[in-house]
Each structure stands twice: as C-alpha cells, then as structure tokens.
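A quick write-up on the structure given underneath.
Please treat every number below as a calculation from the coordinates, not as lab data. Worth saying up front: this structure is predicted, and the values here are computed from it rather than measured. Heads up, the Cβs are rebuilt from the backbone with ideal geometry, glycines too, and the neighbour counts pull from every protein chain shown.
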Amino acid sequence: MKVFAITRPKPSIEKSKKILKENGYKPKATPTIQLYPEHNQEYKKLIQNILEGETDILILTSQNGVKYFFNGIENQKKFKQKLKEITVYAIGPKTQKALKKHNVDSLIPEIYSSTGLVKQIGNQVDGKHIEIARSNHGSPKLSEGLKKYGATVHDVPIYKVGMPRNKKPIKKLINEINQKQIDIIGFTSQMTVKNYMKVAKELETQNKTVRQMNNMYVAAIGHPTKDILNEYGVKEVIVPKDYLFTEMVKEVNKTIEARK
C-alpha cells in the first residue's frame, strides 16, 4: 500500500484521510499551514458595507473562508437577510456547500479558480462594488482581474495562513521523505509548499529533499501551487483539471496506472 502524505490544514484532514483510504492509500497527514482568524478593521468595514447596501457582489474562495467569515458576525440573521440582496460567488462546489449550510445561495464559475471566475463574470462587473473575503495569501489575479473590468474591489484577508506552532511533525515528514518512506505527497496551496520548503531549509536538507521528490509522485491543486513547486526544482507535478482534493487523488491514480 502506497503512503500518501497530505499537507492540508487540520480542519480538512479527516475528510482527506477518508478519501485516501477509499482509494487504497495509507494516509500520512502533516499540516504545513495553520489558520488564524483576522477580524480587524478591514473585516468590520466589509461587514458594514454589506449591511449598508454598498456591496453588489461578495466572493468567498474556500470553506475556511466561509467559516471565518461568519464566525465574526454578531447578528447573523440580519446579516444573512442582507446577503439575499446581493450576488454571492463561491469558487468551487465545496465552498458553495459551506455557504448553503448557512442558508446562503451562491453561484460558482465553470472553472474553479480565481482566473476562471474573472473570465466568467468580467464583462458584468463594470461599476460594481465587489467584496472579496479570503486568506492573506489569496492570488492577486482575482482582485486585479476584476479591477481591469472596471469594478471597485475591496479585498479583505479574514484569516491568516501561517506556519504551525509545532514544526516537529513537518520535520518528521521531511526526514521520512529523505529516507524514501513516502510514495506520494500532495500540496493544496502555495503556502503548504512554502512552509514545507522553509522547514527543509532549516534542516539543511532542501536540495536532498527536492531530489527525492523528483523520484516520487508529487501532486498539487492548482497551477499556482504547481508553479511554486517547479520554482523549488520539483520537475513533474500532477495537477487535476478541477481544483478539488478528490480530483487530485483521481489524477494521481491515473498517473500511477499509466506508469505500470
């Protein structure tokens, strides 16, 4: 049984492990990022803009974004009533499902990415006021792309993506990779890669780790995540067409099958 290491944050781990087991893998869960709420003045301004009817479109980019977005709202009933007056977009079905749990209807783009959303709604946003609620490491392609089409964009980090307080599990994962004990590793964002490589550098094994990664299966959700792996020297990266964890696992399955 192949060992599949995943670097997602803790809230996503259990579901991911279940998916891996269903696909015949032994999961190795090591979060390389930790999420921290960021309910600052910009967040308060975002909420106020919606309550005062100054917002035309709200965009949420992840399940975690939905969680932290609603966690800071006091009068949820009143706020959700206001959301019915604007257009809400979710980047992907998982984010849409998370919104539905809050009784908020939303639309999703055909391509589950920032560029996919910009491409789909760009010609509809001229003169519109758009609020984006996401992490502090969201792709600038979303806000910049919408601005080019004439929108006023308020891009608000509602949670921070940082290094886990305890780095020992990451160090252990890197050592296991260097000792060829891991067959596959999956990265779900640019920051999962950056923190992983930062710890490898601290261990003074980055070059060795990259060499070993080039002798195993490496998968990534999204081309920005793939691109940063390439920058670190990882040559072959498996990327699914749809930016979903389940799709990444399916694409790994296909790649392994093709190489038999």
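Observations
- For the chain, share of DSSP beta bridges that run antiparallel, in % to the nearest 5: 10 percent
- Protection proxy ranking of 182-188, 20-26, by the mean of other Cβ atoms within 10 Å over each peptide's residues and highest first, is 182-188, 20-26.
- Using only alpha-carbon positions in the chain, the gyration tensor eigenvalues give semi-axes of 35, 19, 17 Å once each is multiplied by 5 and square-rooted (largest first).
- Formal net charge of residues neighbouring Val153 (Cβ-Cβ distance under 15 Å; K, R +1; D, E -1): -1
- For the range 36-162: Kirkwood Rh in Å [reciprocal of mean 1/r, alpha carbons]: 14.3 Å
- Positive-end ranking of Tyr36, Gly53, Ile256 along the dipole of the chain, with charges on Cβ about the Cα centre, is headed by Ile256.
- About its Cα centre, the chain has a charge dipole of approximately 1160 debye under the convention of +1 per Lys or Arg Cβ and -1 per Asp or Glu Cβ, with nothing else charged.
- Antiparallel %, DSSP beta bridges [both residues in the range 36-162], to 5: 10 percent
- Rounded to the nearest 20 debye, dipole of the range 180-238 from Cβ charges on Lys, Arg, Asp, Glu: 100 debye
- Computed over the chain: relative contact order in percent, which uses C-alpha pairs under 8 Å that are six or more apart: 20 percent
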